[in-house]
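Beneath this line is the structure, given in structure tokens, with notes to follow.
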Ligand code: FAD
């Protein structure tokens, strides 16, 4: 079922959902299940599965280094299929422009359709590790909007090399990313919102936001989006702080501000166990305020460990 249908079906009740990052290659899907199992009691109608950019590895041979490309994690579509069949929920692969030609993207979309995946999140992806700027693959999509357009065309039966007659055409529901504190590369909030509007006009059905810690930023973002005519659901993304180092990493990677009261509490915490508890308590308060605002869904970035998301869900739902 489509995310938009899940939202419509609840008629105003806030849904619970979360995102997982596939574990490093070499692990087993049962480890992932063990992590997800504790969250299933909160009835997530959908689970997002991220996709990681390919990475460079350097192979030494005769004193010289040869640069090769590798992927560190198993494929997102396979994981989504296994989650759908194990839990009977909708699993949503994050599809990236970066690292994929349009043809490779088309094969991936064909797999998604074949496996009964109804939703996709269309993203540009970040620059590769060690690269300063995003460089699209040769023959790949450059911006998320290009990917949205490719998916929409496929929904209409138009493949890259011609139309294909099908009994059941794909009808993917498309999510895109939104940034309550602006995307790092955008020249202004207004410019970024215009780009978001373009993605929606190109066919995106809903927006999921980057994590934020100040709900006012989300409220302002939603108001500004509505003002320029973005009417689709805007799902807030929430990340519980879990370790002291998040004070440096999260602002650096995700381009966000943290409330001073939260910073002070974390700085004064005696160890990371205390920080995890602070993250849970903050997450509960943050979620309750968003719930009262009437958000369609509370979407948690679980990052591989579910105990804190479970504790927050227990305090909220
Ligand atoms: P876009 O919408 O393409 O925007 C990128 C930048 O270009 C923005 O600054 C925008 O303002 C600008 N822009 C857009 N269109 C144009 C245009 N036509 N001309 C000029 N400028 C333009 N990354 C991963 O690698 N894997 C994941 O699984 C993943 N999941 C994510 C989930 C969510 C909910 C979010 C919020 C982010 C996620 N990301 C993920 C990170 C994302 O890939 C990065 O933030 C990336 O830098 C931008 O992706 P985007 O889809 O927002 O890009």
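The values are calculated or read from the model by the stated rules, or taken from the named source; none is laboratory data. Here the structure is a predicted model, which means the values were calculated and not measured. Cβ placement follows ideal geometry from the backbone for every residue including glycine, while neighbour counts extend to all protein chains displayed.
Remarks
- Residues within the stretch 151-194 that are farther than 23 Å from residue 235 by Cα and crowded, with 22+ Cβ neighbours inside 10 Å, tallied: 1
- Annotation: of all residues in the stretch 118-142 being within 16 Å of the chain's Cα centre (by Cα) and modelled with pLDDT of 95 or more, the one that is nearest to residue 69 (Cα to Cα) is 125.
- Spans of helices (runs of 4 or more DSSP H) in the stretch 223-317 with at least 3 residues within 22 Å of the chain's Cα centre (by Cα) and free of Cβ contacts under 8 Å to residues at least 60 places away in the same chain: 246-254, 272-293
- Screening the candidates 39, 123, 32 for the property of being closer than 22 Å to residue 296 by Cα, in contact (Cβ under 8 Å) with a residue 40 or more places away in the chain, in contact with a helix residue (DSSP H, G or I) (Cβ under 8 Å, 6 or more places away or on another chain) and within 16 Å of the ligand (Cβ to nearest atom) yields one hit, 123.
- Considering (1) out of contact with any strand residue (DSSP E or B) (no Cβ under 9 Å at 6 or more places or on another chain); (2) at negative phi, the lone condition that residue 300 does not fulfil carries the number (1).
- Any hit, the stretch 48-61, residues being in a helix (DSSP H, G or I), closer than 27 Å to residue 313 by Cα and within 16 Å of the ligand (Cβ to nearest atom): no
- Sole residue being within 16 Å of the ligand (Cβ to nearest atom), under 29 Å from residue 159 (Cα atoms) and surrounded by 16 or more Cβ atoms within 10 Å (Cβ to Cβ), chosen from 89, 95: 95
- Residues satisfying the stated conditions in the stretch 126-137, i.e. touching a residue at least 60 places away in the same chain (Cβ under 8 Å) and buried (at least 16 other Cβ atoms within 10 Å of the Cβ): 128
- Hits in the stretch 138-147 (condition: surrounded by 12 or more Cβ atoms within 10 Å (Cβ to Cβ) and out of contact with any helix residue (DSSP H, G or I) (no Cβ under 9 Å at 6 or more places or on another chain)): 142
- Residue within the stretch 251-259 that is under 19 Å from residue 125 (Cα atoms) and surrounded by fewer than 13 Cβ atoms within 10 Å (Cβ to Cβ) present: yes
- Subset of the stretch 83-98 (residues that are in contact (Cβ under 8 Å) with a residue 40 or more places away in the chain and either part of a loop (DSSP other than H, G, I, E, B) or farther than 24 Å from residue 206 by Cα (or both)): 86, 89, 97, 98
- For the stretch 188-206, the set of residues classified as within 12 Å of the ligand (Cβ to nearest atom), in contact with a helix residue (DSSP H, G or I) (Cβ under 7 Å, 6 or more places away or on another chain) and outside any helix (DSSP H, G or I) consists of 204, 206, listed by residue number.
- Top-ranked residue of the stretch 102-116 - restricted to ones that are touching a residue at least 40 places away in the same chain (Cβ under 8 Å) and surrounded by fewer than 21 Cβ atoms within 10 Å (Cβ to Cβ), ranked as nearest to the ligand (Cβ to nearest atom): 102
- Selection within the stretch 167-187 - within 15 Å of the ligand (Cβ to nearest atom), part of a loop (DSSP other than H, G, I, E, B) and touching a helix residue (DSSP H, G or I) at 6+ places or on another chain (Cβ under 8 Å): 179, 180, 181, 182, 183, 186
- Residue 215 satisfies every condition listed in (1) within 11 Å of the ligand (Cβ to nearest atom); (2) buried (at least 18 other Cβ atoms within 10 Å of the Cβ); (3) within 27 Å of residue 246 (Cβ to Cβ) except (1).
- Filtering the stretch 10-29 to residues that are at pLDDT 95 or above and not in a loop (DSSP other than H, G, I, E, B) leaves 15, 16, 17, 18, 19, 20.
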